[in-house]
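Worksheet for the structure shown next.
The values are calculated or read from the model by the stated rules, or taken from the named source; none is laboratory data. Note that the structure is a prediction, hence the values are computed from the model and not measured. Heads up, the Cβs are rebuilt from the backbone with ideal geometry, glycines too, and the neighbour counts pull from every protein chain shown.
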Amino acid sequence: MSMTYMDPRVFLILEMVLEEDTNTLEQFSSVLGVSTRTIRNYINQINRELKDGIAKIVKNEKGTYSIRVEDESKLIEIVNFNRVKLSNFINLNSPDERINYVLDILTMTNNPITIDDLAEEICIGRTTLIKDLKKADRILAEYDLELKRKPNIGMILVGEEMDIRLLVLDRLYENYIDVLENVNQINLVKDYDIECLRDELKKLFKKEELYITEQVLRDVERYIIISALRNLNGYKFEKIDKRFEVIRCSDEYTLGLKLKALLEKIFNIVLNEKETIFLTMPLIGRKAPSTKLALSSIKINDSVKEVVDEVTSFLLETSGIDFKEDKKLIENLEYHLYFALNRMRFNIRVKNPLLQEIKERYTFPYSVAKIAAMIIEEKFDLKICDHEIGYIALHFGSYFEKNSRKVLNVNRVAVVCGTGLGTAQLIRIKIGKILGESVEVNTFSDIEAKANLDLLKYYDLVFTTVDFKTDLDVPIFRVNALFNEESIKKEIEDAILLKNSINIKSIKKIEKNIPFIGKLIEEDKFFILNKGTFMENLEEMLEKLVLKGIIDIEFKENVLKREKKSSTALDNYIALPHSVSPNEENLYLAFGILENPVIWDTKEIRIIILMIIPDKNVGSTELIIKSYEEVLEIGRDKKIVEKLSKVKSFDEFYKIITTRR
């Protein structure tokens, strides 16, 4: 039995007569705040909706009203349905909640609805509803749907059945619980049918050796139940867009046929062939499995392999990071995109619950993922949403996490102690906590060390409680027995990176507790710029670097070409143009402070940070990653950016950078 919505005020009368049979027209009028004539109309409306021998509100001899029930079970269904709807209605506190409520109504009716009727049902003003409907129009446009309005008749939702279902899946029943609540309201699908469906699905997937997660199982159930609800309410596929026809050629389509047969059996309905395409969609758009066994049956097509190769080649060319060296990363990206491209092609949307956290904590991986998304969009003529970019960022984030662990790959450490055994032992323990217990730690007295300085050159790091001079190319840390482990760990990372970088090998001893980026700042690469546009300022900065012999014309042209193709503007007033410099062995940073802020790619820019990335320094990956991360960390600190954007000299700039932690 198909249910209809009751106006909340009309339903309140039904609730009142069910509770007691002593209500009069005047009492109804007082509670609802309308005239007794309107109450009579409401009662007539209830009786029309309770036709077919369900129940009827009647007037008693004493002028009170009661209800005469003929089919109690159907009446209970109607009451429960409207109670849930009323509960949802009461919670319509925000425009989004109201819009979803309106969309829910529009997707379940073929009859025009007037704005006045809708405003009255939701109990909001006509003007407020019109504003909400403008937002609804924008949402519907994303699904190629339209709200057709006809004067004096009303509005009706127009569009393909597939697009309506995608809207329902994303906006109205975006999770499994929403679907179950809807099932309970409508009573078209029974609880035992749902239980039977879940059991049968598990058996089917096991038989077909399809390795799925609980999330995939729930998504398949969502699609099946929505298919059942739409069909039971008379909404069937009449035609389907040709872009969905390719699903018939997928390996998962055979399983989709079995899902269709299962649905028909459990819910006792007949479906047309197009339903198979819809039921296959949660399978081809699922997340990539996490086990080797599950992945082994998936064949990656050439177009996916090609785009991953294009992405990594472009990233190597522009960032200097060779992602191709990590075979596991390449494999994981290919599997991820195999399913993600299906989601994008067929407008299957996913919600990434970690998106905001990824943007905040994985800033650099997210920036890399945005570049990858740009290439994928161009190749396949698709639009990639932030949620999908966030999932791609997790793969790059794993790569960077592995590389950050490589930085602390230390085997031998020397401890020079001028006090005694207790101090030396404590320092050894703290070193073990930072670098791991497998690191070899040897202790020397200050007299031994000074007499045999050459001994120290065989160690990766030296910790000392005393001062001594040496020209050894070994990072040396001046500490006491109670040194801060986190602070020293960061200094160790910086020191190892600096030691492995050709352009700053002159730094033998790291004593300053300054940010890593502060060790890369040089005055000949600092500029105050005053041109009118972003590109003019960038070009002037590049031209000055060419004249100083720091970069060549080819590098300059590459940076300008890349910037025109894809903006490097970040949030918080910073732009980060970068490229690999052919034949360059050193990593350089150049800084441009704009006297007058400019708008670039809709963002206000006050600082340009140019990265000149080495092409020849094979061991520079960790250094490049560290540099990116520190630049992006500065960008997240609005106060620092504000201060930097106002400096008038290199000394001011250097002081702010090097004293910020």
Original post:
Between a first residue in the range 14-27 that is under 25 Å from ASN80 (Cβ atoms) and a second residue that is assigned to a helix (DSSP H, G or I) and not β-branched (Val, Ile, Thr), which pairs have beta carbons less than 6 Å apart while being 6 or more apart in sequence or on different chains?
Top reply: ASN23/MET16
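Being polar (S, T, N, Q) and in contact with a Ser or Thr (Cβ under 9 Å, 6 or more places away or on another chain) is the requirement here; does ASN342 meet it? Before the answer, list the steps.
Details: polar (S, T, N, Q): yes; in contact with a Ser or Thr (Cβ under 9 Å, 6 or more places away or on another chain): yes.
Yes: the conditions hold for ASN342.
Among the residues of the range 331-377, what is the count of those that are within 16 Å of VAL311 (Cβ to Cβ) and touching a residue at least 60 places away in the same chain (Cβ under 8 Å)? Before the answer, list the steps.
To start, the set of residues in the range 331-377 that are within 16 Å of VAL311 (Cβ to Cβ) comprises 331-338, 340-341, 344, 364-377.
With touching a residue at least 60 places away in the same chain (Cβ under 8 Å) added as a condition, the list becomes 332-333, 364, 367, 371-372, 374-376.
Qualifying residue count for the region: 9.
Given the criteria in a strand (DSSP E or B) and buried (at least 16 other Cβ atoms within 10 Å of the Cβ), does ILE608 qualify? Full working, then the answer.
Working: in a strand (DSSP E or B): yes; buried (at least 16 other Cβ atoms within 10 Å of the Cβ): yes.
In short, yes.
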Original post:
Of the residues ILE447, ILE434, which is in the same structural domain as SER487 (by TED's automatic domain parsing), within 21 Å of ALA495 (Cβ to Cβ) and modelled with pLDDT under 85?
Top reply: ILE434
Original post:
What is the one condition in (1) part of a helix (DSSP H, G or I); (2) over 30 Å from the mean Cα position of the chain (by Cα); (3) modelled with pLDDT of 90 or more that ILE224 does not satisfy?
Top reply: (2)
Original post:
So, in the range 111-135, of the ones that are surrounded by fewer than 14 Cβ atoms within 10 Å (Cβ to Cβ) and more than 15 Å from ILE99 (Cβ to Cβ), which residue ends up modelled with the lowest pLDDT?
Top reply: CYS123
Original post:
Limited to the range 206-223, what total is found for residues that are buried (at least 16 other Cβ atoms within 10 Å of the Cβ) and under 23 Å from LYS274 (Cβ atoms)?
Top reply: 7
Subject >> Long-range neighbours under 9 Å by Cβ, at least six apart or interchain, first residue without any contact (Cβ under 8 Å) to a residue 12 or more places away in the chain within the range 639-658, second in a helix (DSSP H, G or I) and of a type in the set (A, V, I, L, M) >> reply: GLU652/LEU644
Subject >> Unique match (being within 27 Å of LEU315 (Cα to Cα) and part of a loop (DSSP other than H, G, I, E, B)) among GLU629, GLU584 >> reply: GLU584
Original post:
Looking at SER404, SER398, which one is surrounded by fewer than 20 Cβ atoms within 10 Å (Cβ to Cβ) and at pLDDT below 85?
Top reply: SER404
**OP:** Output the residues belonging to the range 485-524 that are more than 35 Å from the chain's Cα centre (by Cα) and modelled with pLDDT of 80 or more.
**Re:** GLU522, GLU523, ASP524
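Quick check, is TYR101 modelled with pLDDT under 90 and either among the hydroxyl-bearing types (Ser, Thr, Tyr) or farther than 30 Å from LEU140 by Cα (or both)? Reasoning before the result, please.
Details: modelled with pLDDT under 90: yes; either among the hydroxyl-bearing types (Ser, Thr, Tyr) or farther than 30 Å from LEU140 by Cα (or both): yes.
Against the criterion (modelled with pLDDT under 90 and either among the hydroxyl-bearing types (Ser, Thr, Tyr) or farther than 30 Å from LEU140 by Cα (or both)), TYR101 qualifies.
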Subject >> Inter-residue pairs, beta-carbon under 9 Å, first free of Cβ contacts under 8 Å to residues at least 24 places away in the same chain and in the range 126-151, second β-branched (Val, Ile, Thr) and part of a strand (DSSP E or B), 6+ apart >> reply: LEU145/VAL158; GLU146/VAL158; LYS148/ILE156; LYS148/VAL158; ARG149/ILE156
Original post:
So which of LYS328, LYS383 is part of a helix (DSSP H, G or I) and surrounded by fewer than 19 Cβ atoms within 10 Å (Cβ to Cβ)?
Top reply: LYS328
**OP:** Could you give me the residue pairs with C-beta distances under 8 Å whose first residue belongs to the range 188-209 and is under 15 Å from LEU263 (Cβ atoms) and assigned by TED's automatic domain parsing to the domain that holds ARG230, whose second residue is at pLDDT 85 or above and aromatic (Phe, Trp, Tyr) wherever it lies, and which are 6+ apart or on separate chains?
**Re:** VAL189/PHE267; ASP193/PHE267
Original post:
Got a sec? Which of GLU563, GLU595, GLU584, GLU652 is surrounded by 19 or more Cβ atoms within 10 Å (Cβ to Cβ), of a type in the set (D, E, K, R) and more than 30 Å from the chain's Cα centre (by Cα)?
Top reply: GLU584
Original post:
Of (1) modelled with pLDDT under 90; (2) acidic (Asp, Glu); (3) over 30 Å from ASP637 (Cβ atoms), GLU334 satisfies all except one. Which?
Top reply: (1)
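Consider LEU576 carefully, then state whether it is surrounded by 13 or more Cβ atoms within 10 Å (Cβ to Cβ), assigned by TED's automatic domain parsing to the domain that holds ASP651 and over 25 Å from the mean Cα position of the chain (by Cα). So that I can check it myself, show each step before the final result.
Details: surrounded by 13 or more Cβ atoms within 10 Å (Cβ to Cβ): yes; assigned by TED's automatic domain parsing to the domain that holds ASP651: yes; over 25 Å from the mean Cα position of the chain (by Cα): no.
Here the answer is no, as LEU576 does not meet what is asked.
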**OP:** Could you please let me know if LEU623 is in contact with a Leu (Cβ under 6 Å, 6 or more places away or on another chain), of a type in the set (A, V, I, L, M, F, W, C) and assigned to a strand (DSSP E or B)?
**Re:** no
